[in-house]
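K.L.:
Below are the structure tokens for one structure; questions will follow.
The values are calculated or read from the model by the stated rules, or taken from the named source; none is laboratory data. Worth saying up front: this structure is predicted, and the values here are computed from it rather than measured. For neighbour counting, all protein chains shown are included, and Cβ atoms are generated from backbone atoms with ideal geometry for every residue, glycine included. To get the accessible areas, we keep the full protein, side chains included, count just its heavy atoms, and leave off ligands, DNA and RNA. Shrake-Rupley method; radii C 1.70, N 1.55, O 1.52, S 1.80 Å.
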Amino acid sequence: MKKITFYAMTLFVSLVTSTVFAQSTAQQNLNNAIQSAENIQQDTPTAKGAAIQLAKQIAILNAPNAQQFYNAMFTQVASVQNNSDDVDYFVNEARTASQNAFSTAGINAITAELVNLNDILIGLTYQINDALAANDNTTALNLIPNVKSVLDKQYTTTNDLIDAINSVASSIKTYNVCIKLVDYLGNPVTYNDLHGYYAYNQSNAYFYPENYGDCYDNLAPGTYTFAAYNGYFSGASSTTVTLSDSLVNANGIIEVTLVYWSE
């Protein structure tokens, strides 16, 4: 019997470890996707500054630096393209790793919009460059507000992208919870005649441990009350816990303590 119990516990720990690792990998990939999106936001103000500088060079100095503007715009285009590609890559890696299915369609649509805005920016850059080459400073100056508008749109669209990635990260986040049974002195209880454990959340949805054991797999974030079914001459206290990252131990598990009593 001891060998069977040991095997069951070993199997459970292995499964929990695998699940925790998979979810950790998914979350890390989503964090990488967010960082890639933030790179766009960090680069965009520089491009906008270059557009403003060109306007000053035309209107005040009458000495526009076309090459400087051209380089800045295509640096922005490269940043948006590369980081958008990275976002798509990382969220797909997260989807593959995650134990909880999710769609990448919403995120992919936003990165596609960013790339479409790149096309508009490229077109405006060529128009301004051609105007400056023809000494048509007026046309170039009149097009600069359109450039700033596109860059502003890329910035706000990137906000939407970060929000979408964070939404996915929240939706797939789960916790593994194990019951620790102790006596009134806080000593671990090695034997009991309880008839099992259960938990319920604030919506009164009930959850039960895997394989009638003492550990729950993949509980969504929220507040849960953990309790035990009384034995013939025993029982245990209930405990209400709000699951959070701060409660996760080194093994990737949240440990919930119930106090055991016996007549």
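K.L.:
For L54, work out the one condition from (1) open to solvent by 20 Å² or more (accessible area, probe 1.4 Å); (2) touching a residue at least 12 places away in the same chain (Cβ under 8 Å) it doesn't fulfil.
P.N.:
Condition not satisfied by L54: (1).
K.L.:
Then there's this: Let me spell it out: the conditions are (1) in contact with a Lys or Arg (Cβ under 8 Å, 6 or more places away or on another chain); (2) part of a strand (DSSP E or B); (3) open to solvent by less than 80 Å² (accessible area, probe 1.4 Å); (4) not basic (K, R), and E255 meets all of them except one. Which number is the exception?
P.N.:
(3)
K.L.:
Among the residues of the stretch 176-191, which ones are surrounded by 15 or more Cβ atoms within 10 Å (Cβ to Cβ) and part of a loop (DSSP other than H, G, I, E, B)?
P.N.:
Result: V189, single match.
K.L.:
So A63 clears everything in (1) surrounded by 22 or more Cβ atoms within 10 Å (Cβ to Cβ); (2) among the hydrophobic types (A, V, I, L, M, F, W, C); (3) in a loop (DSSP other than H, G, I, E, B) except one condition, right? Which one?
P.N.:
(1)
K.L.:
Any residue in the stretch 161-177 that is of a type in the set (A, V, I, L, M, F, W, C), modelled with pLDDT of 95 or more and touching a strand residue (DSSP E or B) at 6+ places or on another chain (Cβ under 6 Å)?
P.N.:
yes
K.L.:
If you check D163, D152, which single one turns out to be more than 30 Å from Q28 (Cβ to Cβ) and either open to solvent by less than 70 Å² (accessible area, probe 1.4 Å) or free of Cβ contacts under 8 Å to residues at least 24 places away in the same chain (or both)? Show your work before the answer.
P.N.:
On the way: D163 fails: more than 30 Å from Q28 (Cβ to Cβ).
So the residue among D163, D152 that is more than 30 Å from Q28 (Cβ to Cβ) and either open to solvent by less than 70 Å² (accessible area, probe 1.4 Å) or free of Cβ contacts under 8 Å to residues at least 24 places away in the same chain (or both) is D152.
K.L.:
Next question. Considering every residue within the stretch 127-140, establish whether at least one is in contact (Cβ under 8 Å) with a residue 12 or more places away in the chain, touching a strand residue (DSSP E or B) at 6+ places or on another chain (Cβ under 9 Å) and not basic (K, R).
P.N.:
Within the stretch 127-140, none of the residues are in contact (Cβ under 8 Å) with a residue 12 or more places away in the chain, touching a strand residue (DSSP E or B) at 6+ places or on another chain (Cβ under 9 Å) and not basic (K, R).
K.L.:
Any residue in the stretch 193-202 that is among the hydrophobic types (A, V, I, L, M, F, W, C), outside any loop (DSSP other than H, G, I, E, B), under 29 Å from the mean Cα position of the chain (by Cα) and modelled with pLDDT of 95 or more?
P.N.:
We begin by selecting, within the stretch 193-202, every residue among the hydrophobic types (A, V, I, L, M, F, W, C); these are 194, 199.
This time we only want the ones that are outside any loop (DSSP other than H, G, I, E, B), so: 199.
When the remaining residues are screened for being under 29 Å from the mean Cα position of the chain (by Cα), the result is 199.
From what is left, the residues that are modelled with pLDDT of 95 or more are 199.
The answer is yes; a qualifying residue exists.
K.L.:
Shifting gears a bit: Any idea which of Y232, Y260 is open to solvent by less than 60 Å² (accessible area, probe 1.4 Å) and either of a type in the set (D, E) or touching an Asp or Glu at 6+ places or on another chain (Cβ under 9 Å) (or both)? Don't jump to the end; show me each part of the working.
P.N.:
Working: Y232 fails: open to solvent by less than 60 Å² (accessible area, probe 1.4 Å).
Sole residue among the options that is open to solvent by less than 60 Å² (accessible area, probe 1.4 Å) and either of a type in the set (D, E) or touching an Asp or Glu at 6+ places or on another chain (Cβ under 9 Å) (or both): Y260.
K.L.:
Which of the residues belonging to the stretch 230-250 are within 29 Å of the chain's Cα centre (by Cα), hydrophobic (A, V, I, L, M, F, W, C), closer than 23 Å to L194 by Cβ and assigned to a strand (DSSP E or B)?
P.N.:
Within the stretch 230-250, just V241 meets the criteria.
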